[in-house]
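Structure first, commentary second.
The values are calculated or read from the model by the stated rules, or taken from the named source; none is laboratory data. What you see is a predicted model; the values in this text were computed from it and never measured. Methodologically, a virtual Cβ is constructed for each residue, glycine included, from the backbone with ideal geometry; neighbour enumeration extends over all protein chains shown. The protein model used for the area step is the full one, side chains on, heavy atoms only, and it has no ligands, DNA or RNA in it. Shrake-Rupley method; radii C 1.70, N 1.55, O 1.52, S 1.80 Å.
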Amino acid sequence: MSVVALAVPRRLTTRPLTFGIEHERVAGFTLAWGEVDACAERLVAGSVALALLPSTCYAALAEDLRILPGIAVTMLATPQSPLAEEQVLDPLATTIDEWCARTGLPFVSWVWVGRPGAIDRVQAEALGRSLELGRAAGGQEAGLAYRLGGQELSGLAALVEEVRTLGGVRQRGLVRLLDCGDGPPALPRSARPGAVARSTDALLADAASGERLSPEDGLRLYHTAALLDLGRAADLRRQALHPGDVVTYIIDRNVNYTNLCVTACKFCNFYRPVARVAHGGAYAAKSRDGYTLSYAELARKLQETVDLGGVQVLLQGGVNPNLRLSYYEELFRWVKANFPLALHALSPEEVSFIAKLEGLSLAQVLERLVAAGLDSLPGGGAEILDDEIRDLISPLKCRTDTWLAVMREAHALGLRTTSTLVFGFGEEGRHVLAHLERLRALQDVTSGFTAFICWPFQAEGTRLKLHDDTTAHRYLRTFALARLYLDNIPNLQVSWPTMGPALGQIALRFGGNDFGSAMIEENVVSQAGAVFTLSAAGIERCIGAAGFAPRRRNMRYQFLSGAGSSAGLVSSAAGSAG
Amino acid sequence: MQLSQIADKIGAGIPLDFDDGVVLYRHGNLLEVAALANQVREQRHGQRTYFNRNLHINATNVCVAGCRFCSFARLREDSAGAYTLTLEQAWQKLRDRLAEGSSLTEIHIVNGLHDGLPFSYYTDLLAGLKRIHPTVHLKAFTAVEIFFFHQHFGMPVVEVLQRLREAGLDSLPGGGAEIFADRVRRKLCPDKCDADAWLDVHRTAHGMGLRSNCTMLYGHIETVEERVEHLLRLRELQTETGGFQTFIPLAFHPDGNALRKLPGPTAVEDLRTFAVARLLLHNIPHLKAYWIMLGLKTAQTAQWFGADDIDGTVQEERIYHTAGAETPQGLTSAELVHLIEQAGRVAIERDTLYHVVAAGDGDGRGPQRSYRRSMVAPSEQSEQSEQVEDA
């Protein structure tokens, strides 16, 4: 195996990362010491494979450089030695404390940077071991953490964008990770090996303190844990992950650009079926209320969104076979050119359909969409990520593997996405746990999920006649269990559009840290019986009355200015989401 | 004051005091308070959640009182939206229900304070309902109405109650208590009888062997301290008489009344009120999550925050619906059983005095229409027979 050259500055804060290598307990690396500028030069010149750099320095480099997943130095507070701060902040005029308070995100100060393909999985794991040894040796400064998980990735993306904006670089703020094969060099946080069967109380106490639940543990809690016990454990977990009792929300608009759809899911009351027109490849709506929005209609909706302080548009449609990749590319470019809105668009089902239609790979489709302006993917269409259930309720929709593959490709391109679960399709506990396990396993690899949202199936008017439990009690239990099980997904969003503001508020005490969206428009669940509306002021009141401080955010969960005020929908938050 | 000290008091059977109540209301961790309340609830009622089959009749909305939180009342007979049912119309509501084939064990009657109706209207109303359905339990007229009859018809309270009982009255609902504090009553409901009068009507009723319920209207202009004081005054009367069966917290709904600029309480405050009430009211057996007011989701959740009752099938509720409640007008008993069982509780159909009409066996099939008294734990049975003797 060839020896990998690493460029490393001498810093107390980064010392644990190279500890194992320095002490010759991890082989296969050589260390080239030097100042930050020298390290960056060596990396750009190609004389080293990786360099350990301040993330601000990474942001300023114009090259196609990637970040090693799993490992970073994160500063939780202004460090003891002022020198350390000066180095990582340049060119930002701020302090670590101020930055964290302003954005609500961790400050990722040092990252391993390399060109695509710089190291393989084994080498990435060796770097993980080096850090493990360094942490075990102790002695590092307090207020530091060494994980690059979902929340840290959001922090890193926000930081990179800020530095690039300062430098006048109109480059997209996506942070792309090194693809080291499958495996993450993620720090092991697995379930206690060989643990004897624990009581439900002990399981909950361990999960509340951040210990990973095995699928079997999760299933036991699903079947046996009482509502309040799950809630108290999830509430403790939420406090640990989101200290300071802040609950975030976003102002965006759900625009369903078309309701024509070929997947014909039985649980859906929104779509309208299509039929192939005799001559040529076009499809037509079978019913008169099928639509695809015109640019004029879209422009009106998007301008309203901007006027109401919206920072994002969620574009989701039916799976409309008339719309080719070029339609989306043009649409995205047009949106980006005309509105200061982030594009949270196309669920995995739509992306995989476009790939099939065009004969392209998922990655090719996503790359072209990103080039056209796509910022993130919504996590819709997951329902239950288990083919046993999907076969029953949505046989024409993408399978579990495809859904996960789209998310994996999106994360690899630096896109962040959300994740969802819809229950109440007659599934069993094992299906729910399989779903959560699949999300958690992918998140271990990519850290790309920003949030998880779940809600019960809304049956009214759909073709699926089910009598499954979709009550508040089950929602709260499922939600709390998800907070405990998904130890690597930072944010849990309550689903007030389906559950109502009351349950949304209550769910904040069952693990939720985000109130979702002050939605200006929603068309799907409202067609199936869920008819709740809330303004930003209404959301802030719900959050405040539950004992939390409301803050506005963007899709990365970065705090936005104008948040926390009760100014209603009209404010000046637009534009800061880029 | 720590929650653990309060827990110790509860464990030792020491009634909580005013300061404890304020601490519970203000405690930062809602679920810790709920866990205590749930413990008390499960000690007392196990997994049981009660409901009944009932019908609401609001015979008139004409009311001389101008309570600012009310969207239901109309000042005069000729005001827009004012109505007064003829006796025949009121009776017909019961006949309609029976004709549909639905059975019911209780009629809940609450009305405006109408100054143009004779006392015989009320006695005839009750007597007529009993003629149509002799075994039905008539839970009728809040203490505010009883006190109004006393003033308006110049009869002592005891005589009002006596004559209504002769006509068929079985128990009193708990409405009209609002908040006992004078400060609040002067501002919100100056025309209504004061706290002492309200409590005195119930004292008198209890003394005659009538059972009653009690309520608190919260989430408007009252303070936490005034809520705690209210609960403690109810508890004090209960210590004296033992006549209250159920406490029902009533959330203020702001639509369509003079207080519409107030936001009304949110769900977290609703659940907190249940938990605190369960802990403070150690001597009132039941705590009802009135689903009409809370919505089904919160009412279901409340079964883990101290409540052990979810009210009944109702049919045709007017008071909360004119204040913006978006809940259905009624539910079938199967829907209620479903809701209770999905909350992990055992559904028990009760009558007004908490005798078991039908009990679910917790296997998800709900109560059978049989009188399976054996399903009830011995302690519960003895408690009920005591209740009957008291009554």
Checklist entry - Taking A:Arg324, is it over 22 Å from A:Glu409 (Cβ atoms) and surrounded by fewer than 17 Cβ atoms within 10 Å (Cβ to Cβ)? => result no
Item to check | Residues of the stretch B:294-315 that turn out to be open to solvent by 10 Å² or more (accessible area, probe 1.4 Å) and in contact with a strand residue (DSSP E or B) (Cβ under 6 Å, 6 or more places away or on another chain), as a count | outcome: 1
Checklist entry - Does the stretch B:287-321 hold any residues that are farther than 16 Å from B:Gln39 by Cα, within 11 Å of chain A (Cβ to nearest Cβ) and either of a type outside the set (D, E, K, R) or touching a residue at least 40 places away in the same chain (Cβ under 8 Å) (or both), and which are they? => result B:Leu294, B:Gly295, B:Leu296, B:Thr298, B:Ala299, B:Gln300
Checklist entry - When residues of the stretch A:459-494 are filtered for being within 12 Å of chain B (Cβ to nearest Cβ) and either open to solvent by 10 Å² or more (accessible area, probe 1.4 Å) or among the polar types (S, T, N, Q) (or both), how many remain? => result 8
Next on the checklist: If I go through the stretch A:90-130 residue by residue, how many of them are within 26 Å of A:Asn491 (Cβ to Cβ) and either more than 26 Å from the chain's Cα centre (by Cα) or not small (Gly, Ala, Ser) (or both)?
Outcome noted: 17
Checklist entry - Is it true that B:Asp351 is out of contact with any helix residue (DSSP H, G or I) (no Cβ under 7 Å at 6 or more places or on another chain), under 30 Å from B:Arg235 (Cα atoms) and either of a type outside the set (Val, Ile, Thr) or within 12 Å of chain A (Cβ to nearest Cβ) (or both)? => result yes
Next on the checklist: Among the residues that make up the stretch B:188-211, is at least one of them in contact with a strand residue (DSSP E or B) (Cβ under 9 Å, 6 or more places away or on another chain) and among the polar types (S, T, N, Q)?
Outcome noted: no
Checklist entry - Looking at the stretch A:1-27, which of its residues are more than 16 Å from A:Val111 (Cα to Cα) and within 34 Å of the chain's Cα centre (by Cα)? => result A:Val4, A:Gly20, A:Ile21, A:Val26
Checklist entry - What's the number of the condition A:Leu396 fails, among (1) in a helix (DSSP H, G or I); (2) open to solvent by 30 Å² or more (accessible area, probe 1.4 Å)? => result (1)
Next on the checklist: For B:Pro265, only one of the following conditions fails: (1) in a loop (DSSP other than H, G, I, E, B); (2) without any contact (Cβ under 8 Å) to a residue 40 or more places away in the chain. What is its number?
Outcome noted: (2)
Next on the checklist: For B:Ser333, only one of the following conditions fails: (1) touching a Leu at 6+ places or on another chain (Cβ under 8 Å); (2) away from chain A (no Cβ under 12 Å); (3) open to solvent by 10 Å² or more (accessible area, probe 1.4 Å); (4) over 27 Å from B:Tyr83 (Cα atoms). What is its number?
Outcome noted: (1)
Next on the checklist: Go through (1) in a loop (DSSP other than H, G, I, E, B); (2) open to solvent by 70 Å² or more (accessible area, probe 1.4 Å); (3) touching a strand residue (DSSP E or B) at 6+ places or on another chain (Cβ under 9 Å) for A:Arg102 and report which single condition fails.
Outcome noted: (1)
Checklist entry - How many residues does the stretch A:282-326 contain that are touching a residue at least 12 places away in the same chain (Cβ under 8 Å) and more than 17 Å from A:Val262 (Cα to Cα)? => result 19
Item to check | Matching residues, the stretch B:255-265, being open to solvent by 10 Å² or more (accessible area, probe 1.4 Å) and either within 14 Å of chain A (Cβ to nearest Cβ) or at negative phi (or both) | outcome: B:Asp255, B:Ala258, B:Leu259, B:Arg260, B:Lys261, B:Leu262, B:Pro263, B:Pro265
Next on the checklist: With the structure loaded, tell me whether B:Ile284 is modelled with pLDDT of 90 or more and more than 13 Å from every other protein chain (Cβ to nearest Cβ) or whether it fails that test.
Outcome noted: yes
Checklist outcome for this item: Flagged pairs (Cβ under 7 angstrom, 6 or more apart or on separate chains; first in the stretch B:37-48, within 11 Å of another protein chain (Cβ to nearest Cβ); second open to solvent by 40 Å² or more (accessible area, probe 1.4 Å) and not in a helix (DSSP H, G or I)) are B:Gln47/B:Gly362
Next on the checklist: Please return the ranges of helices (runs of 4 or more DSSP H) entirely within the stretch A:211-326 where 3 or more residues are within 14 Å of another protein chain (Cβ to nearest Cβ) and under 20 Å from A:Thr533 (Cα atoms).
Outcome noted: none
Checklist entry - From the list B:Phe252, B:Phe247, which one is among the hydrophobic types (A, V, I, L, M, F, W, C) and within 14 Å of another protein chain (Cβ to nearest Cβ)? => result B:Phe252
Checklist entry - Within the bounds of the stretch A:270-292, is there any residue that is among the charged types (D, E, K, R), surrounded by 12 or more Cβ atoms within 10 Å (Cβ to Cβ) and not assigned by TED's automatic domain parsing to the domain that holds A:Ala342? => result yes
Checklist entry - Does the stretch A:441-454 hold any residues that are open to solvent by less than 20 Å² (accessible area, probe 1.4 Å), under 21 Å from A:Leu68 (Cβ atoms) and either at pLDDT 95 or above or not β-branched (Val, Ile, Thr) (or both), and which are they? => result A:Leu442, A:Gln443, A:Ser447, A:Gly448, A:Phe449, A:Thr450
Checklist entry - On the given criteria, is A:Gly70 exposed (fewer than 14 other Cβ atoms within 10 Å of the Cβ) and on the phi > 0 side of the Ramachandran plot? => result no
